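Each remark here refers to the structure printed beneath this line.
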Amino acid sequence: MNRRRFLIAATAAVGGAGFVMTAYPFVMSMMPSQKALAEGGPIDADIRPIEPGMLVTFAWRKQPVWVLHRTQAMLDRLGKHDQLLLDPLSQQPQQPVYCQNATRSIKPEYFVAIGICTHLGCIPTYRREVGAPDLGANWPGGFFCPCHGSKYDLAGRVFKDVPAPLNLKIPEHTYLSATRLLIGADKKAS
């Protein structure tokens, strides 16, 4: 009787180990790869080298994410052309709640946005010059989509009478320090 119990227990142990060894690769094949995790997860961006007036692009989820270091002159111009904008108060849900303010940012000097036009997905260009001849005397500086003529100000707010229907999208983000920005996660997630 003892021998029979031993054989049953040994067979069950070997069978269980075989099942685990067979199931492990199958279960692991359903897990996302390191590459997929890297493309979908938050990214840590070093904003130290971004000088005032400079725009830097980071890749996050295969999308361009802009980080613009706005100067004081750029910030001073933000509230002076609201009558030209379609959604000056950013009431459409194109940004996290903590960026629903006049500068559409956590820190006014840094603007973080997904650099894709809300019309047809083109990439607008950064046009910081005020009153550019090809954009009109009332151009305050911002982003211009040359494909279809959509215009956004330096806070990513869309102008009236252009094809784009919405402001530029602001991704979730948080500051890890004065020089490090985490794009793709906010304070609750980080």
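The values are calculated or read from the model by the stated rules, or taken from the named source; none is laboratory data. Computed from a prediction, not measured in an experiment: that's the story for all the values here. We place every Cβ from the backbone using ideal geometry, glycine too, and count neighbours over all the protein chains shown. All accessible areas refer to the heavy atoms of the entire protein, side chains included, with ligands and DNA or RNA removed. Shrake-Rupley method; radii C 1.70, N 1.55, O 1.52, S 1.80 Å.
Picking from I114, I123, I183, I170, which residue would you name as being in contact with a helix residue (DSSP H, G or I) (Cβ under 6 Å, 6 or more places away or on another chain) and not polar (S, T, N, Q)? Full working, then the answer.
Working: I114 fails: in contact with a helix residue (DSSP H, G or I) (Cβ under 6 Å, 6 or more places away or on another chain); I123 fails: in contact with a helix residue (DSSP H, G or I) (Cβ under 6 Å, 6 or more places away or on another chain); I183 fails: in contact with a helix residue (DSSP H, G or I) (Cβ under 6 Å, 6 or more places away or on another chain).
The unique qualifying residue is I170.
Which members of the stretch 57-87 meet the condition of being in contact (Cβ under 8 Å) with a residue 12 or more places away in the chain, open to solvent by less than 60 Å² (accessible area, probe 1.4 Å) and aliphatic (A, V, I, L, M)?
Result: V65, V67, L68, M74, L75, L78, L84, L85.
If you go through the stretch 133-161, how many residues are part of a loop (DSSP other than H, G, I, E, B) and either modelled with pLDDT of 95 or more or under 20 Å from T71 (Cα atoms) (or both)?
Matching residues across the stretch 133-161 total 8.
Does I123 count as part of a loop (DSSP other than H, G, I, E, B) and under 12 Å from G156 (Cα atoms)?
Numbers: part of a loop (DSSP other than H, G, I, E, B): yes; under 12 Å from G156 (Cα atoms): no.
Judged against the criteria, I123 is not a match.
Here are some residues: P146, P133, P165. Which one is out of contact with any Phe, Trp or Tyr (no Cβ under 8 Å at 6 or more places or on another chain), free of Cβ contacts under 8 Å to residues at least 12 places away in the same chain and surrounded by fewer than 16 Cβ atoms within 10 Å (Cβ to Cβ)?
From the options P146, P133, P165, the qualifying one is P133.
Which one of L176, L154, L181 is within 23 Å of D82 (Cα to Cα) and not charged (D, E, K, R)? Steps first, please.
Values: L176 fails: within 23 Å of D82 (Cα to Cα); L181 fails: within 23 Å of D82 (Cα to Cα).
From the options L176, L154, L181, the qualifying one is L154.
Would you confirm whether or not the stretch 168-178 contains a residue that is open to solvent by less than 40 Å² (accessible area, probe 1.4 Å), more than 19 Å from P93 (Cα to Cα) and among the aliphatic types (A, V, I, L, M)?
no
Consider V14 carefully, then state whether it is of a type in the set (A, V, I, L, M), modelled with pLDDT of 90 or more, open to solvent by less than 100 Å² (accessible area, probe 1.4 Å) and assigned to a helix (DSSP H, G or I). Step through it out loud before you land on a result.
Details: of a type in the set (A, V, I, L, M): yes; modelled with pLDDT of 90 or more: yes; open to solvent by less than 100 Å² (accessible area, probe 1.4 Å): no; assigned to a helix (DSSP H, G or I): yes.
No; evaluated as a whole, the condition is false for this residue.
Looking at the stretch 40-56 only, could you name the residues that are of a type in the set (A, V, I, L, M), in a strand (DSSP E or B) and either in contact with a Lys or Arg (Cβ under 8 Å, 6 or more places away or on another chain) or open to solvent by 40 Å² or more (accessible area, probe 1.4 Å) (or both)? Talk me through it step by step, then tell me what you get.
Step one: list which residues in the stretch 40-56 are of a type in the set (A, V, I, L, M), which gives 43, 45, 47, 50, 54-56.
Cutting the leftovers down to in a strand (DSSP E or B) gives us 43, 45, 55-56.
Listed by number, the residues that qualify are A45, L55.
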